[in-house]
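Here's the structure we're looking at; comments come further down.
The values are calculated or read from the model by the stated rules, or taken from the named source; none is laboratory data. Since the structure is predicted, the reported quantities are computational estimates derived from the model, not experimental observations. Here the Cβ is made from the backbone with ideal geometry for all residues, glycine too, and neighbour counts use every protein chain on show. We work out accessible area using only protein heavy atoms, side chains counted, and drop any ligands, DNA or RNA first. Shrake-Rupley method; radii C 1.70, N 1.55, O 1.52, S 1.80 Å.
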Amino acid sequence: MSLDPNSPKPVHRSVLLNEVLSWLPPREGAVWVDGTVGAGGHAAALATRVGSTGRVIGLDRDPEMLTLAGQATSGLPVSLVQAPYSDLAEVLYKMGLDGVDGILLDLGLSSDQLAWAERGFSFAADGPLDMRFDPNASLTAAEIVNTWKEEELANLFFEYGEERYSRRVAKRIVEGRRIVPITTTGRLAEIVRKSIPGKWGPIDPATRVFQALRIRVNDELDHLDSILEQLPDLLHPGGRAVIISFHSLEDRRVKVAFRDDPNLKALTRKPVTASAEEMAVNPRARSAKLRVAERCPIQEVPPLPSYSRSKERRGDR
């Protein structure tokens, strides 16, 4: 899919770019993966540091983002693939690679995706209730909103959006769709806002419901759980995983995986956050949390002493 010529120009700023580059230090010939390549900002910066013999592999489910990434990384040693990062093992196998030196995942939604009203990710401008990263995927936000049972909607908003008024929101949605199907972001946002009592804070009350729908439509947490399990097999010994998350559901999973996997060593005791200077120019960075883990060296079993091997051959005890 190519970009619509009427679509806005790229607006995305790569978050925590300096921090990413400091945790993935320059290394001639390194092979790094940007599993959520987006508009290509991180990938382009990484590609300038791997040298003439190095390589960056960029993955994304969204073909429109890959188009932007292609423009940003033109002339650089970057290979772009349309695939979810959970399929990285298969991607590397097809490329003849047995592992990589570093993996970066920026789990946030791109500002460009938010800016494209026709994609339905944002309520800032009215658009169809879609929210699919991959436009060929079957499930849309409209299907969930208009066909799921009230209890299923309430559970979704509570679990994935941490919405305390999830039952009230679900009830209003079911009431609204009985009158006419809810097919646009604007109408859904208005229903959610009317369901939330009290004064609004700095965050629009529709944010949490939209987050929950997007996560479910794209199975984001399932993909994250899958790649976290695979990391030790994908990274070379000493290779690093750098993951940027934007809400507690993601950060909690990353923290636990980095802490509990015996083949990984967490290098960041607490998440790295954006500087005041970065937040001033890129408000999206306020909620970004970066964690880093390193693949432990492979522990080789020391050989038995020669006298032990001779006893084994004789069957001595």
Query raised in the report: Condition test on Thr140, is it out of contact with any helix residue (DSSP H, G or I) (no Cβ under 8 Å at 6 or more places or on another chain), over 16 Å from Thr207 (Cβ atoms), surrounded by fewer than 21 Cβ atoms within 10 Å (Cβ to Cβ) and of a type outside the set (Lys, Arg)?
Result: no
Report task. Taking the options Tyr165, Tyr160, name whichever one is under 29 Å from Asp60 (Cβ atoms), open to solvent by 20 Å² or more (accessible area, probe 1.4 Å) and at pLDDT 95 or above. Result -> Tyr160
Query - Filtered residue count, the stretch 147-157, keeping only those that are over 12 Å from Leu213 (Cβ atoms) and either crowded, with 19+ Cβ neighbours inside 10 Å or over 25 Å from the mean Cα position of the chain (by Cα) (or both) - result: 5
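Of all residues in the stretch 178-200, which are assigned to a loop (DSSP other than H, G, I, E, B) and open to solvent by 60 Å² or more (accessible area, probe 1.4 Å)?
Val180, Pro181, Thr183, Gly198, Lys199, Trp200
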**Report entry** Failed criterion for Arg252 (all others in (1) outside any helix (DSSP H, G or I); (2) out of contact with any Leu (no Cβ under 8 Å at 6 or more places or on another chain) hold)
**Finding:** (1)
Report task. Could you grab me the full set of residues in the stretch 239-294 that are in contact with a helix residue (DSSP H, G or I) (Cβ under 6 Å, 6 or more places away or on another chain), within 25 Å of Arg27 (Cα to Cα) and either at pLDDT below 95 or among the basic types (Lys, Arg) (or both)? Result -> Lys289, Arg291
**Report entry** Subset tally (residues that are touching a Leu at 6+ places or on another chain (Cβ under 9 Å) and under 19 Å from Leu109 (Cα atoms)) for the stretch 46-61
**Finding:** 3
Requested in this report: Just one of (1) in contact (Cβ under 8 Å) with a residue 12 or more places away in the chain; (2) not in a loop (DSSP other than H, G, I, E, B) trips up Arg259, so point out which.
Outcome: (1)
**Report entry** the stretch 201-232, residues that are open to solvent by 10 Å² or more (accessible area, probe 1.4 Å), over 17 Å from Ala189 (Cα atoms) and in a loop (DSSP other than H, G, I, E, B)
**Finding:** Asp219
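Against the condition in a loop (DSSP other than H, G, I, E, B), surrounded by fewer than 15 Cβ atoms within 10 Å (Cβ to Cβ) and at pLDDT 95 or above, how does Pro135 come out, does it pass? Talk me through it step by step, then tell me what you get.
Numbers: in a loop (DSSP other than H, G, I, E, B): yes; surrounded by fewer than 15 Cβ atoms within 10 Å (Cβ to Cβ): yes; at pLDDT 95 or above: no.
No, not satisfied.
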